[in-house]
1. Which residue, Met185, Met232, Met197, tops the fluctuation ranking in a GNM of the chain built on C-alpha contacts under 10 Å?
2. Take the Cα pairs of the stretch 80-145, get the Kirkwood Rh, then feed it into Stokes-Einstein at 10 °C and 1.306 mPa s and tell me D in µm²/s.
3. Given labels modelled 7 Å from the Cα in the Cβ direction, how far is it in nm from Gln31 to Leu103?
4. Given H placed on each backbone N at 1.01 Å, which residues far from Thr141 in sequence or on other chains put an amide H within less than 5 Å of it?
5. So how many Å³ per residue does the convex hull of the Cα atoms of the chain work out to?
6. So how far, in whole Å, is the C-alpha centre of the stretch 44-74 from the one of the stretch 161-227?
7. If we sort 104-115, 71-82 on the protection proxy, mean other Cβ atoms within 10 Å, highest first, what's the order?
8. Distance cut-off 19 Å, Cα to Cα: go down the list Lys82/Lys189; Lys189/Lys234; Lys205/Lys255; Lys199/Lys234; Lys45/Lys255 and report the pairs above it.
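A short reminder: the numbers here are calculations on the coordinates, not readings from a lab. These figures come from a predicted structure and were not determined experimentally. All Cβ positions, glycine included, derive from the backbone under ideal geometry; neighbour counts span all protein chains shown.
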Amino acid sequence: MKRLPYLIPLLFLAVLAAPLRASPPIGAVVQTWHYDPLTNIVTLKIVNTSNKDITAFNVAIKETYADGRVEQHETMEELIGKILRAKEIQGDHTRGAEFFRKLYGDGAFHPGEVREEKLGVQPGLTNYQAVIDVVTFIDGTAEATNNDALGRIVDERQATVASQRIITEIIQAALADPNDTDPSMTAAKKIQDRVTMWKAQKHTKIDLDAVRLESIANELKSVSRNVNRRDMLKQIVNTEEARMSVLSVHAALVKTGGPQ
């Protein structure tokens, strides 16, 4: 459920509403863009031109400014978290669940659907180019003309799966000890130790989701104060295993379109 910017120095322009050059046919295209000089916001209209639900896409952007600067960067919209959450709240009619569905539906970007992406720019914009160069689909396939960006999506999803595996294994080990009077605190400490060790190491890519691990560690500390903590730990394990089984498919993307 996150949008991730990837920055590289370059430049930008703006006609109030101008059609964009179409990207190669890889499942989604930017139809138009609109620049509001009062708010310095550019609104992209992106259409799913495929026959499948989209689970993530990457946009390569080039901005040109009046002073001659050119800025080039990328932004990635990851939808898989919303898709997973929508599945988890099926049949849930609480206010929070209904509000989520009102905002995101089932989380996916459907065939023929047009989405708006609002992106900030600096004052003095004179030209804007935006091209969809990666699209991933609900069936675990992907199309890309930007293999580096596709690799980042795969890395981030694999890091989440690896973190989910650590969470379930540590909690299950704590639950397996009948003499442990507080398995939630035992698991919380081991997860936090794992994060501390990971942060102390050097990494060429992100292979764990430290934020997710720390969030679970804090949740486990809260569980420790509950008399039904063993049942609650089992619920956490079940939830993480269900998420992991779905996400594993989307973390092993098969590229079917674009240059190899």
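1. Answer for the Gaussian network model of the chain: Met197.
2. Translational D for this selection: 107 µm²/s.
3. Between Gln31 and Leu103, the label points sit 2.5 nm apart.
4. For Thr141, whose amide H was placed from the backbone, the distant partners under 5 Å are Val254.
5. 159 Å³
6. Using only Cα atoms, the two centres lie 37 Å from each other.
7. Ranked from most to least packed, the peptides come out as 71-82, 104-115.
8. Result: Lys82/Lys189; Lys205/Lys255; Lys199/Lys234; Lys45/Lys255 exceed 19 Å.
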